[in-house]
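What follows is one structure encoded as structure tokens, with my remarks underneath.
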Amino acid sequence: MIKNKPSLKEAQKRSASLINNIEDALYIPEAIVNFGNNKKYMVITYGCQANERDTENICGIIELLGYQKSEDENECDLILFNTCAIRENAEQKVFGKIGSLKKLKQTKPELIIGLCGCMAQEESTINKILSSYQHLDLVFGTHNINKLPSLILEALQAKEMVVDVLSIEGEVIENLPSIRANKNKAWVNIMYGCDKFCTYCIVPYTRGRQRSRLFDNILNEVNELVKDGYQEITLLGQNVNAYGKDLSTPSSFALLLEAVAQSGIPRLRFMTSHPWDFSDEMIAIIARYDNIMPFIHLPVQAGDNDILKIMNRLYKIEDYKLLFDKLKTCKKDDLGISMSTDIIVGFPNETEEQFQKTLALVDYCQFDNAFTFVYSPRNGTPAAAFDDNVSLDVKKERLARLNNKVNDCFLKQNQRFLNKNVKVLIDGYSKKNKDYMSGYSEHNKLVNLKAAESLIGKIVSVKITGVKSFSLEGELVE
Ligand code: SAH
Ligand code: SF4
Ligand code: F3S
């Protein structure tokens, strides 16, 4: 039953009308109340923090119906894939995993398998699912999570797959239930969607136009988290610098950041900042508040001005360097601010000379961390229509050269912490070695150390005794 199919053309439309914030948009049909009692579910999440946060809402809704979370897909009655469309390999992973559930569905026909998130917003994905993944029961998008109870009911009653994906975003929906994945660190959405339209990027189509949450709604959520003892908040948006510009009473990220910093939350982070619109006012506030962590993710994407221009990134590399230098030294902290970035190699027709400029930028910035990608054409984006004379082999080889360089930077940057005392928020047992605990320092470095279980969720002082490219090792300072 196809109720609504996504259209990228529709999703490109941007109206100037203001978007309402609405409360309590969750509707639970009588027939599904308590339906999940004694039933198990699982949500498998891919992609960015926007998806992680959506999954927390999805879990909140599902648990309201009575379902309980499970780690074992074989015992589940409901399995949802919250997906990411940012690159082709992200999508292939999902298709692989969904394919592997076909057998389970055959042996357990009452199992509901659903797909949501950014892939659901793509016409091409929906067509592929309809032709090759008929064992899916439900597909819904990023704009109608609040309809999940009715959609599960429809999927249970229908004899065919239920597809309900809206191309155009509706209101900003407040007060969805939520089960937070972490008891000490919380994501807080400050805005949805993106209006930047970088030419390679699918997000403006899968997530819709930029919509800011109301200032007071964000602060109320923050104050609740502080009251509940949370140690860290990360403010989320695809481009947090543009926060508030779309509200009827325009606001700014600088104002919001300051208000959240004053809430008493021990640690405050935010992501992602676009280098465009990173105001001096924002920098002054980052400098002023000790609980705004000395770590900034500032995606650069490329080191060449012509490539940046065709990417529609709006800044020149000279602007980026200027901003980078201002940020790096804006706090009184003698360890400087940690800076990370995102870089795409192999954008259509990128020359070796242009790629060399990306390497030169890395030499200049000496990033603390960098997420590096081979350009992946996304259906419906402007760049997907560009001719491209660079082979995949050349792109992969450029990625390998870039990775060698950034890895050297990571190690070099980590060395500045050797023998220094840093503050670490302990997350729990290390994933790699259960004899160790791990957590993140203020500069967002993963630190492994020996510590008592009772310290989970606490911020402790640690002396750094060992340094690797991707982590630090340390000892508790009594
Ligand atoms: N809103 C954030 C980034 C969101 S996507 C920002 O603007 O910084 C995360 C990263 O994925 C991007 O920074 C970019 O480096 C990468 N990315 C996006 N689209 C891509 C594509 N088509 N191919 C390869 N990498 C891509
Ligand atoms: Fe994509 Fe650019 Fe928006 Fe980031 S700012 S989400 S890269 S369009
Ligand atoms: Fe992926 Fe959607 Fe985030 S495409 S990166 S999950 S906004």
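Please return the ranges of strands (runs of 3 or more DSSP E) entirely within the stretch 429-478 where 3 or more residues are outside the structural domain of G336 (by TED's automatic domain parsing) and either within 19 Å of E232 (Cα to Cα) or within 26 Å of the chain's Cα centre (by Cα) (or both). Passing ranges, in order: 437-441, 446-449, 459-467. Looking at D325, is it within 16 Å of ligand 1 (Cβ to nearest atom), farther than 26 Å from V188 by Cβ, outside the structural domain of A242 (by TED's automatic domain parsing) and over 19 Å from the mean Cα position of the chain (by Cα)? So D325 does not fit the description; no.
A quick yes/no check of all residues on (1) surrounded by 17 or more Cβ atoms within 10 Å (Cβ to Cβ); (2) touching a His at 6+ places or on another chain (Cβ under 8 Å); (3) on the phi < 0 side of the Ramachandran plot; (4) of a type in the set (D, E):
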| residue | (1), (2), (3), (4) |
| --- | --- |
| N241 | yes, yes, yes, no |
| G244 | yes, no, no, no |
| S248 | no, no, yes, no |
| F253 | yes, no, yes, no |
| Q262 | no, no, yes, no |
| S279 | no, no, yes, no |
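If the condition is being assigned to a helix (DSSP H, G or I), within 30 Å of N38 (Cβ to Cβ), within 12 Å of ligand 3 (Cβ to nearest atom) and of a type outside the set (V, I, T), then the stretch 76-127 contributes only A120. Would you check if there is a residue in the stretch 407-422 being part of a loop (DSSP other than H, G, I, E, B) and touching a helix residue (DSSP H, G or I) at 6+ places or on another chain (Cβ under 8 Å)? No, every residue in the stretch 407-422 fails to be part of a loop (DSSP other than H, G, I, E, B) and touching a helix residue (DSSP H, G or I) at 6+ places or on another chain (Cβ under 8 Å). If you check V362 against the conditions, is it in a strand (DSSP E or B) and surrounded by 14 or more Cβ atoms within 10 Å (Cβ to Cβ)? When the stated conditions are applied, V362 does not pass them.
For residues that are hydrophobic (A, V, I, L, M, F, W, C) and part of a helix (DSSP H, G or I), tally how many sit in the stretch 344-359.
First, pick out the residues of the stretch 344-359 that are hydrophobic (A, V, I, L, M, F, W, C): 344-345, 347, 355, 359.
Subsequent filtering for residues that are part of a helix (DSSP H, G or I) retains 355, 359.
Selection size over the stretch 344-359: 2.
Of the residues D393, D363, the single one that is within 30 Å of K128 (Cβ to Cβ), away from ligand 3 (no atom under 16 Å from the Cβ), among the charged types (D, E, K, R) and free of Cβ contacts under 8 Å to residues at least 60 places away in the same chain is D393. Consider the stretch 140-155 and keep the residues that are without any contact (Cβ under 8 Å) to a residue 60 or more places away in the chain and within 17 Å of E110 (Cα to Cα). The one that is nearest to the chain's Cα centre (by Cα) is L151.
Applying the criterion of at least 3 residues that are farther than 27 Å from A383 by Cβ and either under 21 Å from the mean Cα position of the chain (by Cα) or at pLDDT 95 or above (or both) to the helices (runs of 4 or more DSSP H) found wholly in the stretch 194-294 leaves 215-227, 253-261, 280-288.
The values are calculated or read from the model by the stated rules, or taken from the named source; none is laboratory data. All values reported here derive from a predicted model rather than from experimental measurement. All Cβ positions, glycine included, derive from the backbone under ideal geometry; neighbour counts span all protein chains shown.
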